[in-house]
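Engineer: For reference, the structure I am asking about is given below.
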Amino acid sequence: MVENRPWLTVIAHVVLLLGLLITAFPVWLTFVASTHEGTALTQFPMPLWPGSHFLDNYGTILFSGAKAAGGQPVLLMLGNSLIVALGIAVGKIAISIIAAYAIVYFRFPLRQTFFWMIFMTLMLPVEVRIMPTFEITANLGLLNSYSGLIVPLIASATATFLFRQFFLTIPVELVEAARLDGAGPIRFFRDVLLPLSRTNIAALFVILFIYGWNQYLWPLVVSTDPSLTTIMTGINALVRVPDSEPQWHLLMAMSMLAMLPPILVVVVMQKLFVRGLVETEK
Amino acid sequence: MATVDFIGVEKTYPNGHKAIHGINLNITDGEFVVLVGPSGCGKSTLLRMLAGLETVTGGEIRIDGKVVNRLEPADRDIAMVFQNYALYPHMSVRENMAYGLRNRKTPVDVIEKRVAEAAKVLGLEGMLDRKPKQLSGGQRQRVAMGRAIVREPKAFLFDEPLSNLDAKLRVQMRVEIRRLQRELNTTAIYVTHDQVEAMTMADRLVVMRDGVAQQIGRPLDVYAKPRTTYVAAFIGSPGMNLLEGVISADGSAVVLGKNGAMGRSIALPVARPGETGRPVVLGIRPEHLLINPQQGDTVEVRSVLTEPLGADTIKYTLLPGCGQSLTVRLPGTHPSGDTDVLAVGFDPAHLHLFDEATGLRLED
Amino acid sequence: MHQSSPFNHRLLPYLLVLPQIAVTLAFFIWPALNAVWLSTRQEDAFGLSSEFVGLEHYIAIFHDGTYTRALVNTAVFSTGVTVVSLALALLLAVMADRVVRGAMVYKTLLIWPYAVAPAVAGVIWWLAFNPSIGVVAYFINILGYDWNHLIKARDAMMLVIFAAAWKQISYNFLFFLAGLQAIPRSLIEAAALDGASPFRRFWTVIFPLLSPTTFFLLVVNIIYAFFDTFALIHATTAGGPAGSTETLVLKVFMDGFVGLDLGGSSAQSVVLMVMVMALTVVQFRFVERKVQY
């Protein structure tokens, strides 16, 4: 900073530490709750230090599940969430990059129309059109299937725009050089465009993986089959146990497991994550 | 190695803009032809039409006698060097050079051999595994050349390949490109806006303006006998002085100034009787003006700026009474301001005469 | 945009856009049009036939007390979320921009809540505020307020606002920090030489220069609060107690899937679509301006 005022720096650190505290505090409580017996979580307030039932609780939910909520093993839910998150991330990237490729590198009738149709998806989040979307998914026979969980969510204006924006920054001469080098549209895409898009794909993947992993409403309505429970719908089932306080220790262990993969992705791939977040908003 | 023929080639864009107005040009095998002109004159468009990157809307382009109007760029067997080099950023130098050959299913050992040869010729041997990012501008330029060479194409196309280099490197690469082209004896078509590049590199040059070839010829012929005032001013550095005037009453001289208003007459080497009063443009190159000549007519001009270049000196002067400027090139060094007024002689052997209305050269 | 088509191919471009367009048509545009159509029709009791009723459903929802309550709830909720998360994020970003030592560490430790699912964010704060075991509720009780979001409407609203804002802070923080770091140092130094105190400098130089970022985040946060917080509310208060945290998206879902009121739910969907469109238009007008900036 421009001047030397040590106390201002001290205040900055204090505020930031308070910020960290607010950020981390509920997660700490979650972790603590997930390491206690169910009975320990009836006192007011709950303990602030971890208990001794870490392995018990996590073992129980991972391999046999919470009895009160139908008893699906959480391992299975994590697997389903992984499949859905990967499916959504890969699907969105795949169909968006080829659509952007067509829109930038080809001139064809209806090009503008297609562009605006893709743009429209930005204005139609699944939450606002949930009933009719559910209906068409049902009519297509996609209820209770991985396809039903994944396909209706993979249209992406954001990803298409990102790739379009990126392609527009690639000098035209590169396409021309490739044409002179005997590369047709498919070879140019595979040999030049795809490798050049690597960083963008990776950044987008981080964002979309989190998006897919955190899906809640759509899995809730589209799958009733217990074997297709994702970690989010599993949490919902455990919260919704009728007429009783939830089994906090199991619910919190499940919440920990639900948070862990996306947080790991963000922390490990921080650079790509920030890039993806900023780029997709352009 | 091939001949290239443009026969009445035209380009009209879908929006109606006509960029090329019927170009006729026959390029012989192994010739180095430079298309030169200011930006927007159509030189790049013409080159890109030959490459197949722009469609031909009129006339024919032939390579080795075969019409290529509808051929894909890849099927024309030509190679192009772009202004920004257009190297594939994610590929190594080796991969950049090999890519075109790989796409043509050239055997691996042939590719390796050709890349090695090209690298040797261009001095890129130690850099084959580097990425374009790790190279200097001059090195990237060489890789772009290498990519063209390994293909052993019928013709090299250059689109302002030196514009992104600094002045010193530009001179060096200019020599190198010319040397390589002679060695390989491959037909080359080279686009530039720099008349020095055009003069020094070309076997023949095509001076273009507004989609029309103003003059096609060997550099020194163009220099000695520019066909239009435009070419006269464009070729040469500084360009030719062009002075308005009219043919004198006896047809033996040009009276300077609009309608001869300035009154000074300059004798013509060959009289033009019967053209009395015809408005003309008198041209003389700065290097052909004489200071304090022993004989002949002189004009007194006022020096306004002196540019010492070392080997010679350029003086920018004004003709009295009419505000027209006259640029004078003097050999050696001349202190600025030594004489504010110079007596300048016009060497009759180096006078050029153009019609004022059409700008066309008037032959003797 | 390229002048002419770099590649000429009749069929290929259509094949390339086909997957995206098929999904868009089937799962986005068709359902949206369907919602518009259904919102003008009334089904009979058995769902066998339906008749055109014009704008009846729209008139009905705006006369329905529960709908206007949801409208008010949404307004309160999104204002609360936006103000709280923007204010805290800006404070943290300004501080993080200030410190030289440890800035990267703070950044890493502040951005991960972005990755926490809205449903999970809701659940973990639900625990912290739980009136019978929650640590935060305990401290509030000590301060003399009897916190109970299971019964008290205001407490429930504050809980969901807080949880939703908490999750959004990292996003806002990142954008504010980027915005702050984009402000030329020389400007701040000039202000300092002009004798402006750090506090004055912030309000007279830095904050005005941040206004494009702030405006952008404002829109993004409103969109977030409107649509992306369904899971957070549904997994915790589920709209309760007594509909006091029921927002518009929650109500569309409840009326459609639980109440099976097709026409009314569709009319609500259409109203929401109009709102998203308005917000998106505002957002993109802003992006345009950013380009000219």
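Any read-out appearing in this document is the output of simple, stated calculations on the displayed coordinates, not a laboratory observation. Not measured: the values here are computed from a predicted model. Glycine also receives a Cβ, built like all others from the backbone with ideal geometry; neighbour counts cover every protein chain displayed.
Engineer: Distance from a point 7 Å along Cα→Cβ of C:T214 to each backbone N in segment C:86-103: keep the residues under 20 Å and list them by number.
Structural biologist: In segment C:86-103, the label zone of C:T214 (backbone N under 20 Å from the point 7 Å along Cα→Cβ) covers C:86-98.
Engineer: For B:N24 and B:S163, what does the FRET efficiency come to when R0 = 35 Å and r is the distance between their Cβ atoms, rounded to the nearest 0.05?
Structural biologist: So, using R0 = 35 Å, E works out to roughly 0.80.
Engineer: Give me the tail of P(r) for segment C:65-290 as a percent: Cα-Cα pairs with distance above 21 Å.
Structural biologist: That fraction is 62 percent.
Engineer: Enumerate the residues in segment B:262-283 having an amide nitrogen under 20 Å from the point lying 7 Å beyond the Cα of B:A233 toward its Cβ.
Structural biologist: B:262, B:279-283
Engineer: For helix B:93-103, report the angle its Cα long axis makes with the longest principal axis of the Cα atoms of chain B; keep it between 0 and 90° and round to the nearest 10°.
Structural biologist: 70 degrees
Engineer: Sticking with this structure for a sec: Please tell me which of these pairs span more than 30 angstrom C-alpha to C-alpha: B:K66/B:K120; B:K43/B:K168; B:K105/B:K168; B:K120/B:K225; B:K43/B:K120; A:K271/B:K133?
Structural biologist: B:K66/B:K120; B:K105/B:K168; B:K120/B:K225; B:K43/B:K120
Engineer: Over the Cα atoms of chain A, what radius of gyration and what Dmax do you get, in Å?
Structural biologist: 23.6, 76
Engineer: In 20 Å bins starting at 0, how do the alpha-carbon pair distances of the protein assembly as shown split up by percent?
Structural biologist: Using 20 Å bins, I get a P(r) of 11, 31, 27, 19, 10, 2, 0 for the protein assembly as shown.
Engineer: With a cap of 10 neighbouring Cβ atoms within 10 Å, and only residues DSSP puts in a loop, list the trypsin sites (Lys or Arg not before Pro) found in segment B:1-90.
Structural biologist: Filter output for segment B:1-90: B:R70.
Engineer: Sticking with this structure for a sec: Run the simple label-point estimate for A:L55 and C:L143 please: 7 Å along Cα→C-beta, distance reported in nm.
Structural biologist: Placing both labels 7 Å beyond Cα along the Cβ direction yields 4.1 nm.
Engineer: Give, rounded to the nearest 20 debye, the magnitude of the charge dipole that the protein assembly as shown has about its Cα centre when Lys and Arg contribute +1 at Cβ and Asp and Glu contribute -1 at Cβ.
Structural biologist: I would put it at about 1080 debye.
Engineer: When the helices in chain A are scored as -39500 (n - 2.57) per DSSP H run of 4 or longer and the sum is shared across all residues, what 222 nm value do you end up with, to the nearest 500 deg cm²/dmol?
Structural biologist: About -20500 deg cm²/dmol.
Engineer: Among the aspartates and glutamates, which fall within straight-line cross-link reach of C:K167, defined as a Cα-Cα distance under 14 Å, with same-chain neighbours fewer than 8 residues apart omitted?
Structural biologist: The qualifying aspartates and glutamates are C:D228.
Engineer: Under a 10 Å cutoff between Cα atoms, tell me which one of B:G277, B:G42, B:G236 has the largest fluctuation in the Gaussian network model of chain B.
Structural biologist: Of B:G277, B:G42, B:G236, the most mobile in the Gaussian network model is B:G277.
Engineer: Here's something else I'd like to know. Go ahead and run the numbers for FRET between A:T39 and B:T106, Cβ-Cβ distance against an R0 of 60 Å, rounding to 0.05.
Structural biologist: Result of the calculation: an efficiency of 0.20.
Engineer: Which residues make up the longest stretch of chain C clear of trypsin sites (Lys or Arg not before Pro) that lie in a DSSP loop with no more than 13 other Cβ atoms within 10 Å, not counting the sites?
Structural biologist: The reported range is C:102-293.
Engineer: Normalise the Cα radius of gyration of segment B:221-268 by 2.2 N^0.38 Å (N = residues in it) and let me know the number.
Structural biologist: On the way: Rg = 12.5 Å, N = 48, 2.2 N^0.38 = 9.6 Å.
So the Cα radius of gyration is 1.30 times the expected 2.2 N^0.38 Å.
Engineer: Now for a separate question. Along the charge dipole of the protein assembly as shown, pointing to its positive end and built from +1/-1 on Cβ of Lys, Arg, Asp and Glu, which listed residue (C:A278, B:A224, B:G40) has its Cα farthest out?
Structural biologist: The listed residue farthest towards the positive side: B:A224.
Engineer: Sticking with this one: Treat the count of other C-beta atoms within 10 Å as a stand-in for reagent exposure and order B:S303, A:S64 from fewest to most.
Structural biologist: Ascending number of Cβ neighbours within 10 Å: A:S64, B:S303.
Engineer: Right, here's the next one. Report the calculated FRET efficiency for B:R70 and C:I183 (r = Cβ-Cβ distance, R0 = 35 Å), to the nearest 0.05.
Structural biologist: 0.05
Engineer: Simple spin-label model, 7 Å along Cα-to-Cβ: A:R111 to C:R10 in nm?
Structural biologist: A separation of 1.8 nm, rounded to one decimal place.
Engineer: Placing unit charges on C-beta atoms (Lys and Arg positive, Asp and Glu negative, everything else neutral), compute the dipole magnitude of segment A:155-204 about its Cα centre in debye, rounded to 20.
Structural biologist: The dipole of segment A:155-204 has a size of about 180 debye.
Engineer: Could you tell me the center-to-center distance, by alpha carbons, between segment C:66-126 and segment A:60-121 in angstrom?
Structural biologist: 26 Å
Engineer: Averaged over its residues, how many other protein chain Cβ atoms are within 10 Å of peptide C:191-200's Cβ atoms?
Structural biologist: Mean inter-chain Cβ contacts per residue within 10 Å come to 1.
Engineer: Still on this structure: Give the relative contact order (percent, whole number) for chain B; include only Cα pairs under 8 Å separated by 6+ residues. Before the final figure, lay out the partial values.
Structural biologist: Numbers: 781 pairs, mean separation 54.1, N = 364.
Relative contact order, chain B: 15 percent.
Engineer: Taking the alpha-carbon centroid of each part, what is the distance from segment C:229-262 to segment B:65-106 in angstrom?
Structural biologist: A separation of 61 Å, based on Cα centres.
Engineer: Another question about this same structure. Residue separation times 0.36 nm, minus the C-alpha to C-alpha distance between C:A238 and C:V281: what's the value?
Structural biologist: Result: 12.4 nm gained on full extension.
Engineer: Further, regarding this structure: Per DSSP helix of 4 or more residues, -39500 (n - 2.57); summed, then divided by the residues of chain C. What does that give at 222 nm, rounded to the nearest 500?
Structural biologist: Calculated mean residue ellipticity at 222 nm is -21000 deg cm²/dmol.
Engineer: How large is the helix-only mean residue ellipticity at 222 nm for chain B, computed as the sum of -39500 (n - 2.57) over DSSP H runs with n ≥ 4, divided by its residue count, in deg cm²/dmol to the nearest 500?
Structural biologist: -7000 deg cm²/dmol
Engineer: Could you work out how far apart the two model spin labels at A:F63 and B:R62 are, taking each label as a point 7 Å from the Cα in the direction of the beta carbon, and quote it in nm?
Structural biologist: 8.5 nm
Engineer: Towards the positive end of the charge dipole of segment A:196-282, with charges on Cβ (+1 Lys, Arg; -1 Asp, Glu), say which of A:F273, A:G212, A:L228 has the farthest Cα.
Structural biologist: Result: A:F273, furthest along the dipole toward the positive end.
Engineer: Determine the principal axes of the Cα atoms in segment C:1-103, then give the extent along each, sorted from largest to smallest and rounded to whole angstroms.
Structural biologist: Taking max minus min along each principal axis of the Cα atoms, segment C:1-103 gives 69, 58, 25 Å.
Engineer: Another question, if that's okay. Percent of Cα-Cα pairs more than 15 Å apart in segment B:235-326, please.
Structural biologist: Result: 63 percent of Cα pairs exceed 15 Å.
Engineer: Restricting the count to DSSP beta bridges whose residues both fall in the protein assembly as shown, what percent are antiparallel, rounded to a multiple of 5?
Structural biologist: 75 percent
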